[in-house]
Amino acid sequence: MEYRNLGRSGLQVSTLSFGSWLTFGSQIGDDVAEKLMVLAYDNGVNFFDNAEVYAHGKSEVVMGNILKKTGWSRDTYVVSSKVFWGGEKPNQKGLSRKHITEACHAALKRLQVDYLDMYFCHRPDKNTPILETVRAMNTLIQQGKVLYWGTSEWSAQEIMEAHMVAEKYHLIGPTMEQPQYNMFHRDKFEVEYAQIYKTVGLGTTIWSPLASGVLSGKYNDQFPENTRLTKEGMEWLKERSLSPERIEKTRQLTKIAKEIGTTMPKLAIAWCAKNPNVSTVILGASKIHHLEETLASLDVVPLLTDDVMEKIEEILGNKPVHPAF
């Protein structure tokens, strides 16, 4: 395993991390969840990602029970949560001081930890002044309940606004952003955030490196059952992800993977990890053998030569255009 600093902070995170979205507390049993976390930890993963909305809090409960059972030293792992969608009533969602504070306390209880290493604002909140959100996060840090706070799927403008407010009022601004990033989803990460990497040194914990499973290659020839895209409520994800164009491109990319002696999932994850602005790639898995495969993805990064990367770009045909200024 390799480790990278989270932006300009001193916190080191494993280049490959493990997340629980759609799996813990819903798709898989607690025994499988434990085996997956132990496998990840034993292979050098030190960052485990979660959120209050995952399985309506059950995901954090499952992860918290595993952390307690394993007895891993607290200084050997990093755990996160996210705040925004806590419930349906007015003060159970959003980024108000009230919800941020209560959601943090609830996450600490479910995860059975004294503090969160990372706490993300899961989405921007148009109904709450940014100063209120920044102050609330700053307070949690001062209280020792959170070490670093960040954003998820915020625009570059929103992230910079948070930094400017923090600087003006001598508060702590966001350290990291958690965006979707993969071969099919590139513009925001590679273009919109480009200046922020240079100015504030934004750390990134990217999700969906396999584009909701499409880049695993499992949809190349058929539509398998019992995948995340067949789950009730995931129709929006299926419609967005499984376009004929994406499947055809994945078929062509699979040929490149075979040419360099690897698999499609490892190629897709290595492609993400090759980007120096990626702090960590969040892996997801519901089966042991899938995680065993993707945990070996860093071995593929050296195989991504300039020639191979050029072939990939030709297939993707979506290289972002950077502004001339």
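Quick notes
- Residue within the range 274-297 that is within 15 Å of R186 (Cβ to Cβ), out of contact with any Cys (no Cβ under 7 Å at 6 or more places or on another chain) and crowded, with 20+ Cβ neighbours inside 10 Å present: no
- Test: residue in the range 266-284 that is over 30 Å from R8 (Cα atoms), within 24 Å of the chain's Cα centre (by Cα) and not basic (K, R): no
- Residues of the range 85-109 that are under 13 Å from M137 (Cβ atoms), of a type in the set (A, V, I, L, M, F, W, C) and either assigned to a loop (DSSP other than H, G, I, E, B) or in contact with a Lys or Arg (Cβ under 8 Å, 6 or more places away or on another chain) (or both): L95, C104.
- Filter result for D306 (of a type outside the set (F, W, Y), surrounded by fewer than 16 Cβ atoms within 10 Å (Cβ to Cβ), modelled with pLDDT of 95 or more and more than 28 Å from Y41 (Cα to Cα)): yes
- Of the criteria (1) hydrophobic (A, V, I, L, M, F, W, C); (2) over 18 Å from the mean Cα position of the chain (by Cα); (3) buried (at least 22 other Cβ atoms within 10 Å of the Cβ), which one L67 fails: (3)
- The set of residues from the range 65-84 being closer than 15 Å to Y54 by Cβ and charged (D, E, K, R) comprises just one member, K82.
- Conditions (1) touching a residue at least 12 places away in the same chain (Cβ under 8 Å); (2) touching a strand residue (DSSP E or B) at 6+ places or on another chain (Cβ under 8 Å); (3) of a type outside the set (V, I, T): number failed by K93: (1)
- Within the range 258-303, the set of residues being under 22 Å from Y41 (Cα atoms), assigned to a helix (DSSP H, G or I), of a type outside the set (A, V, I, L, M) and out of contact with any Pro (no Cβ under 8 Å at 6 or more places or on another chain) comprises P265, K266, H289, E292, D299.
- Residue under evaluation A211, criteria (1) within 24 Å of N277 (Cβ to Cβ); (2) out of contact with any Phe, Trp or Tyr (no Cβ under 6 Å at 6 or more places or on another chain); (3) modelled with pLDDT of 95 or more, criterion not met: (2)
- Residue in the range 180-195 that is among the polar types (S, T, N, Q) and either surrounded by 21 or more Cβ atoms within 10 Å (Cβ to Cβ) or touching a strand residue (DSSP E or B) at 6+ places or on another chain (Cβ under 6 Å) (or both) present: yes
- Helices (runs of 4 or more DSSP H) fully within the range 110-207 that include at least 3 residues being charged (D, E, K, R) and over 30 Å from T70 (Cβ atoms): 156-168.
- Within the range 259-318, being among the charged types (D, E, K, R) and within 21 Å of E248 (Cβ to Cβ) holds for E259, K266, E310, K311, E313, E314.
- Selection status of S81, in contact with a Cys (Cβ under 8 Å, 6 or more places away or on another chain), surrounded by 15 or more Cβ atoms within 10 Å (Cβ to Cβ) and without any contact (Cβ under 8 Å) to a residue 40 or more places away in the chain: yes
- Residues considered: A103, A33. Of these, the only one that is surrounded by 17 or more Cβ atoms within 10 Å (Cβ to Cβ), among the small types (G, A, S), more than 30 Å from Q195 (Cα to Cα) and touching a strand residue (DSSP E or B) at 6+ places or on another chain (Cβ under 7 Å) is A103.
- Which numbered condition S81 fails, given (1) within 24 Å of Y193 (Cβ to Cβ); (2) polar (S, T, N, Q); (3) in a helix (DSSP H, G or I): (3)
- Test: residue in the range 48-57 that is of a type in the set (G, A, S) and either buried (at least 23 other Cβ atoms within 10 Å of the Cβ) or in a loop (DSSP other than H, G, I, E, B) (or both): yes
- Residues of the range 113-131 that are in contact with a helix residue (DSSP H, G or I) (Cβ under 9 Å, 6 or more places away or on another chain) and buried (at least 16 other Cβ atoms within 10 Å of the Cβ): V113, Y115, L116, Y119, C121, P124, D125, T128, I130.
The values are calculated or read from the model by the stated rules, or taken from the named source; none is laboratory data. Everything quoted here is computed from the prediction, not taken from an experiment. Ideal geometry is used to build each Cβ from the backbone, glycine not excepted, and the neighbour counts take in all protein chains shown.
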